[in-house]
Every structure is written in C-alpha cells, then in structure tokens.
Amino acid sequence: MLMKATSQSLTEQLAGRFAERIRNRLLAPGARLPSVRQCAEQHGVSPSTVVAAYDQLLAQGLVEARKNRGFFVRELASAADEAPSEATPQGWSAAHWIVARRGPAPVDATALIRGMFHKISDKPQPGMGVFPSDWLESTFMPAAVRKVTNTRALHDFSLQYGEPLGDSGLRRALANKLAGLDVPASPEQIITSVGATHALDIVSRTLLRPGDPVMVEEPGWAVEFARLNALGMRLLPVPRRADGPDLEVMAKYCEVHKPKLYVSVSVFHNPTSYCLSPGSAHRLLQLAQQHDFHIVEDDTYSHIAPAHATRLSALDGLRRTIYVGGFAKILAPNWRIGFLAAPPALVERLLDTKLLATLTTPALLEKALALCIEQGQLRRHSERIRTRLDLARARSVKLALNAGCRFAAEPAGLFGWVDTGVDTDALSQRMLDEGYLLAPGALFHAERTPSTLMRINFATTQDAAFWKKYAELVKRM
C-alpha cells in the first residue's frame, strides 16, 4: 500500500513502484500500464497523482505514451542501440532502422525467470514453472552427494577436467532410463549439459546460423523464443493443437522457408499440457523426412508423464530427432544437470559446441545423480510427486472453476491453460500488487499480443485466498 506519512510523496512512491518492477523485468517491455482511472482506483489515489507518476516514468525513459492507447513499458535498449549509426539509411530514424535491422522486439521472457530470484512475497506463486521447494525435499540427494565426495573421490575427479561427453556413469544410467521410454540411445550418443536449456542452446548453435528460420510451437515457452531471437534466428510460429502441431502450417513453412529445425514439447506441452498423438507424430516425422529438417524434442516433464506417452524420439529412433531432458523440475533446480541424446552423425559436432561454451560439466553432481537413478530413488521420488500433483490438480481445477475460469485445454500435468475472460497482462499487474506473480498468455507467443489466457501451476494454486483475490479483481475489470 502507498503510505501518506512518509518522506516520499504518493507520486514518488507510485512511480518508484513501477520503476522497480520495470527495471527488474517484472513488467516486460511492451506491457501496458493500467489506465489513469484504473490505477487511481487500484491504489486509492487521485488521477492527478497517477498522471504525475507516469510523467516521472516518461522522464526516466521507462515508459512511452501512445496516443489514444495509453502508457507502455519501453525496451531498455542501450545507448548504442538507440543512437543512429553510419549505416542508417538516409531518411530513416534510428528507431525505424533498429526494427528493420533486427525485427520486432520479442516478448520479454525474463519476467517469470527474474520472479524466481526476486521474491514477490511469501505467498504461493501461481505463475511459477517449478514445483514448490518443499515438494522436492529428500534425504537421498544429500546422501548421494556425501557418498561421491569422500577424500579419494574428490582427488580423483576434482583436480582435472572431466569427460567431454559427461560422466560415463551418468550417461550409462541415462541410456538405461531412455530405454524404458523406448528411446534407443547408447551412452556414446548422450552429452550432458548445464541444464536442459543449455542442451537446447547446444543444438541450436550447432545446427543453425543467424537468420535461419526455425519452427516453434505457439503457444510455447517464451524463454525458447527469446533465446532463439537473441541468436538471430527467424521464428516461424506453428499453432499447437491438442493432438500436435498444425501440420498444414508446417508444410507451408517448409515449402516457402525451408526451415532446418523444429522445436517441440511432445509430452505435457508448456503451457497447455497437451500430449502428442501417435497419428500426428507419424505425419510430422514424414514431413521432416520429406523436407530434410531436424526435430529437437524437449522432454522436460518426462518424470511426471506416463512412460507410454508418444515421443518422437522413440518412433524415429534418433535419426532426425534430438532428445533433450533435465532434472530441474523434479529433483534439484540448482544442480543444473541436463542432457541431450543425438543421432551418431551429429554427436561430434554437438560436443564441439559444448566444449567451446563450457569445456566439461562438473562431474561431482553428475555422479551423485547417477547414484539416485541407479538405486531407484529418482523413480520412487517421481512417483510420489506424481501422486501429490494429481491431488493438487483436482483441488486447483475446482477452485479455478469456482472463480469463473474456463480451461482452454484439458487439465493435465503441472500446468493449466485457463481463460479468464479479461486481459491477463493488466490482471497480472493488479495481482502483483497483491503479492502474486502470474504468467499471462502474451508471454507464450512469439510476438506479444493481448490475451485473456494465463498459465497456472497446479502445485501452487491450491490457495483459496489467491482465487478469492483473483475473483475480486476480475470482477472490477
């Protein structure tokens, strides 16, 4: 709440609140600020106070005013980006040249990521992409670390670089684990990484060059959109349906743009939790063969998914597919262990990219993870998480429906894709004032577009207090 009895005026407090959120990327570039009237009602101040606060944000270069549309968060570009260069064509403004040269600014994907490190409040966060930390607590992980860190072991593998592909024991354990999913990968086809996102980065840096077209699912994970944009790739959004990608759109892209890569989450797709159907998977693989592109399959949610779920890598046998997995979601986010399994012909190229970026990956935690897998502890832990998630999902769905939400996709997995009926960008700003970080639908599109959808985490939306506050704010919008 804004306080009258402080050394700061209400205008300064309000401007400071928005400025902090913009600088911390909790309000993403392109996000629209509440209207003057809405903001005044929301904070219990006069419209003139809001106008003065917005003027301060304008003066600081944090927002821009668009005629008859309102105030929008600016992209925090560097001075070098904003200044005209010698190459700026005659008659073009610097701003127009930046857009023409680099394309439209992508959706800022860091708002949710920064929210993981910038504590909003002590309340459960509905927009988070991970399980609550108390769900992940275990005794077997510390025990595994202790077992691999005796004095002799530390001397043997800590005083030298590890194996380029990754710890051989972990790669054997991963090969056995993948065999249980019918994904045929020998240990020599597996490369460990610093988390699954790093594995995705290895693949794209190996197979693509700046300017290359890449097919991505839409809605899809904003971090992947932003990462590919940062590498200079051209994104080709493919609508994701319940059974898989829109194959007609993909076929047209293939004919016109000849993309080299398609990035997919086959099982418990983020944010919809859709799962690929066998029929769609077969047609997709035929399209990849016909038009000669690779598929990188991100199986981040494999630990909470049924083993029999359709996976492209299993049907394809790792010929055109590259399988990516990780353990941040189910085990220990800070261990940062991921991996990829690739066709034999690509392994050396992918390994070269890994070595250029990180040399090797830390063996200590890789050895500890291998123990957790080999002794069955990870499997039993995953089963407990799945059981707990099923119960949480049932409660969360009931609360969401009672609050007036409609599910745009059948509830499954960790995430729900819900229709609120209101602009979730605006709603997310109001909920932020109440201590809740949302994941508005605009974040899951390659270019930011207004949306009434939002992604909820079933593990963190069992709080009736959240849904009560949500319903109150939606009613006022």
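Values as computed for the structure displayed
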quantity: Odd one out for Asp423 among (1) at pLDDT 95 or above; (2) touching a Pro at 6+ places or on another chain (Cβ under 7 Å); (3) of a type outside the set (Ser, Thr, Tyr); calculated: (1)
quantity: Tally, over the range 222-234, of residues that are surrounded by 24 or more Cβ atoms within 10 Å (Cβ to Cβ) and within 23 Å of Ala288 (Cα to Cα); calculated: 2
quantity: Residue list for the range 325-347, filter: outside any strand (DSSP E or B), of a type in the set (Gly, Ala, Ser) and either in contact with a helix residue (DSSP H, G or I) (Cβ under 9 Å, 6 or more places away or on another chain) or surrounded by 24 or more Cβ atoms within 10 Å (Cβ to Cβ) (or both); calculated: Ala328, Ala332, Ala342
quantity: Subset tally (residues that are closer than 20 Å to Gln290 by Cβ and assigned to a loop (DSSP other than H, G, I, E, B)) for the range 311-324; calculated: 4
quantity: Where Ala439 falls short, out of the listed (1) small (Gly, Ala, Ser); (2) surrounded by fewer than 17 Cβ atoms within 10 Å (Cβ to Cβ); (3) closer than 24 Å to Pro239 by Cα; calculated: (2)
quantity: Residue count for the range 9-52, restricted to those that are polar (S, T, N, Q) and at pLDDT below 80; calculated: 1
quantity: Any chance Leu33 is at negative phi, in contact with a strand residue (DSSP E or B) (Cβ under 7 Å, 6 or more places away or on another chain) and surrounded by fewer than 18 Cβ atoms within 10 Å (Cβ to Cβ); calculated: no
quantity: Of residues in the range 395-424 being under 24 Å from the mean Cα position of the chain (by Cα) and over 24 Å from Glu218 (Cβ atoms), the one surrounded by the fewest Cβ atoms within 10 Å (Cβ to Cβ); calculated: Val397
quantity: Residue within the range 348-359 that is of a type in the set (Lys, Arg) and over 23 Å from the mean Cα position of the chain (by Cα) present; calculated: yes
quantity: Test: residue in the range 231-251 that is of a type outside the set (A, V, I, L, M), out of contact with any Cys (no Cβ under 6 Å at 6 or more places or on another chain) and under 22 Å from Thr358 (Cα atoms); calculated: yes
quantity: Wholly enclosed helices (runs of 4 or more DSSP H) of the range 359-455 bearing at least 3 residues free of Cβ contacts under 8 Å to residues at least 40 places away in the same chain and farther than 17 Å from Gly127 by Cα; calculated: 377-402
quantity: Matching option when the condition is part of a helix (DSSP H, G or I), in contact with a Leu (Cβ under 6 Å, 6 or more places away or on another chain) and not β-branched (Val, Ile, Thr), among Ala281, Ala251; calculated: Ala281
quantity: Scan of the range 26-75 for residues that are part of a helix (DSSP H, G or I) and among the polar types (S, T, N, Q), ordered by number; calculated: Gln38, Gln42, Ser48, Thr49, Gln56
quantity: Top-ranked residue in the range 205-221 [being assigned to a strand (DSSP E or B) and within 24 Å of Cys275 (Cα to Cα); ranked as most open to solvent (accessible area, probe 1.4 Å)]; calculated: Glu218
quantity: For Cys39: the one exception among (1) touching a Leu at 6+ places or on another chain (Cβ under 8 Å); (2) open to solvent by less than 60 Å² (accessible area, probe 1.4 Å); (3) closer than 15 Å to Ile22 by Cα; calculated: (3)
quantity: Flag if Ile295 is hydrophobic (A, V, I, L, M, F, W, C) and surrounded by 24 or more Cβ atoms within 10 Å (Cβ to Cβ); calculated: no
quantity: Condition check for Met454: under 19 Å from the mean Cα position of the chain (by Cα) and of a type outside the set (D, E, K, R); calculated: yes
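The values are calculated or read from the model by the stated rules, or taken from the named source; none is laboratory data. Remember, it's a predicted structure, so these values are computed and weren't measured experimentally. So basically every Cβ, Gly included, is an ideal-geometry build from the backbone, and we count neighbours across all protein chains shown. Surface accessibility is based on the protein's heavy atoms, side chains included, excluding ligands, DNA and RNA. Shrake-Rupley method; radii C 1.70, N 1.55, O 1.52, S 1.80 Å.
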